[in-house]
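Handing you this structure, nothing more for now.
Quick note: the coordinates plus some simple rules give every number you see, no bench work behind them. All values reported here derive from a predicted model rather than from experimental measurement. Methodologically, a virtual Cβ is constructed for each residue, glycine included, from the backbone with ideal geometry; neighbour enumeration extends over all protein chains shown.
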Amino acid sequence: MSTADENAAKHLSRTSLRDFGPPVPTDDKAATYATHVLKIMPHEAPLPVLLRHALDLIGIPHHGPWEKVAWWVEFQYQGHSCSLSYEKFGLRLRVRGDLTKERADRILLEIRKKLNTAGRTVEKLLSKKAHNAINSGNVTVANQYRRLRRAYDYFRQRAVNPDFVEDIHEQMEGDGIVKSWSHHVCGKSVMDLNASHDLVASISAYLSVLEHCFVLILPFHDFDPSSDELTQIIGDRWGDKWRRVIGVSDKESKRLRERLGEVVEQWRNPYSHGGFEKGYGATVYVHMEGLGALPVGMSSILDSPRFSFFPLSETDLSKVFGLFDDIDAYLVRTFPHAMAWIESGLDVRFDEEFISQVSHSIENYGNVKKLIEIQSYLDDRAANMDY
């Protein structure tokens with residue numbers, strides 16, 4: 001046990017867990033007493049293992065796994081036989097003894113409160129260790145590919161096939177000076193405007209997918225847990241992630257990177273930075289004596305979405321989504337094993353053991369299919385607590 005753990009254990013033993021102790025043998029009479037149960041809800045203890053670890057620190061060990069039970073801890077609280085168990089359907093706190101229901105409920109609530117207080121102490125202890133653990137590769141990154149991809153597919157579908165909007169023709173009767181007036185809305189124009197909004201949203205969503213893939217690809221590519229800083233890579237901009245993972249050494253990757261940069265500059269960046277384009281070409285007008293207010297970008301405003309009354313065309317859609325399809329195909333060709341794992345939905349570990357398992361699977365089987373099957377089985381077993 002480290003010095004920090006020892007200090008935390010002493011603090012817990014003096015404060016929130018001072019009334020807790022190892023379990024004591026029960027006699028035949030005690031075995032006949034009723035067991036009272038409190039279900040601890042997820043919002044009350046979002047990380048049950050913190051409560052378990054608090055008890056571990058003061059010398060009360062946990063046990064398990066067992067069928068439908070990940071772990072359990074037996075202990076005494078103020079002389080009462082108790083247990084804490086993490087089961088398939090949630091966290092359960094139990095007390096057994098010659099107790100009325102009201103007295104048992106009061107004890108269970110006391111224990112829950114003190115365990116949660118102890119859990120916060122443990123959380124502070126572990127948080128201090130977390131940064132070093134992350135940058136040494138001892139982490140698992142949640143695979144959000146499917147969720148992020150759904151957002152992209154949603155906006156892409158809406159951009160390509162916008163909801164139909166009918167034309168509006170209204171003739172209104174006035175009074176006084178204006179005897180009548182008409183109101184007209186072109187449904188096709190509204191649909192085009194909606195499609196342009198969904199195009200911008202789909203570009204942002206796709207960049208999110210792409211950046212996520214770049215991070216998850218690393219353990220299958222050249223990630224070194226001893227030297228690479230994962231937090232820095234995650235925080236990098238998409239262009240830096242591209243250079244780190246793909247590079248621009250071959251012509252195709254360089255061409256794709258340039259095309260993506262153009263799409264981002266034209267469509268996404270203006271809407272991500274208050275509506276201002278790079279160089280403010282079509283959004284800032286300079287006052288020229290005798291000429292009026294001219295756009296800073298002069299005639300280059302032809303390339304701005306603001307130039308046309310209809311900012312989006314079929315060509316724009318084909319250009320953007322065709323590029324994204326090309327990038328997707330490039331990733332699958334260049335990183336087939338990583339993309340197979342990412343598309344499976346499995347989380348990705350960054351430790352040396354996992355990287356070694358990936359290398360072994362590729363060397364022996366030519367792919368990671370077998371490794372995906374094994375990990376899927378382990379994940380399902382853990383989720384169902386089938387031990």
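Which far-off residues, 5 or more places away or on another chain, put their amide H under 5 Å from the one on V139, with H placed in the peptide plane?
Counting only residues 5 or more places away or on other chains, the set is F350, D351.
Okay, moving on. HN-Hα J couplings of region 93-102 from phi, Karplus 6.51/-1.76/1.60, θ = phi - 60°, integer Hz, Gly and Pro as x?
In residue order, the calculated couplings are 10, 10, 9, 10, x, 7, 10, 6, 4, 5 Hz.
How do T3, T32 line up, fewest other C-beta atoms within 10 Å first?
T3, T32
At q = 0.07, 0.12, 0.15 Å⁻¹, what is the log10 ratio I(q)/I(0) for the chain, with the Debye formula run over Cα points and no solvent?
Ignoring solvent entirely, the Cα scatterers give -0.57, -1.04, -1.30.
Could you please report the charge total around I233, scoring K, R as +1 and D, E as -1 over all other residues with beta-carbon less than 15 angstrom from its beta-carbon?
Numbers: positive: R237, K241, R243, R244; negative: E211, D222, D224, D228, E229, D236, D240.
Neighbour charge sum, excluding I233 itself: -3.
Return the FRET efficiency for the residue pair E373, D167: r is the Cβ-Cβ distance, R0 is 56 Å, and the value is rounded to the nearest 0.05.
Efficiency, from the Cβ-Cβ distance: 0.50.
Can you tell me the dipole magnitude for the chain around its Cα centre, using point charges on the Cβ only (Lys, Arg +1; Asp, Glu -1), in Debye to the nearest 20?
Values: 47 positive and 54 negative charges, 285 e Å.
So the magnitude is around 1380 debye.
Average the reciprocal distances over every distinct pair of alpha-carbons in region 3-135, invert the result, and give the Kirkwood radius in Å.
15.5
Please give the peptides 164-172, 112-120 ranked by average Cβ packing (other Cβ atoms within 10 Å per residue), highest first, as a rough proxy for protection.
The packing order, highest mean first, is 112-120, 164-172.
Something else: Which of rounded, prolate or oblate describes region 143-208 when judged by the alpha-carbon gyration tensor and an a/c cut-off of 1.5? Working shown, then result.
Details: a/c = 5.16, a/b = 4.08, b/c = 1.27.
The shape class here is prolate.
Angle, helix 251-263 long axis vs. longest principal axis of the chain, Cα atoms, 0 to 90°, nearest 10?
In the chain, helix 251-263 runs at an angle near 80 degrees to the longest axis.
Using the count of nearby Cβ atoms within 10 Å as a rough guide to exposure, how do R333, R94 rank from fewest to most?
Ascending number of Cβ neighbours within 10 Å: R333, R94.
Further question on the same structure: Contour minus end-to-end for Y365 and S227, with contour as 0.36 nm per residue of separation and end-to-end as the Cα-Cα distance?
Once the chain is fully extended between Y365 and S227, it gains 46.8 nm.
Using Cβ counts within 10 Å as a stand-in for footprinting exposure, how do C186, C213 rank, fewest first?
C186, C213
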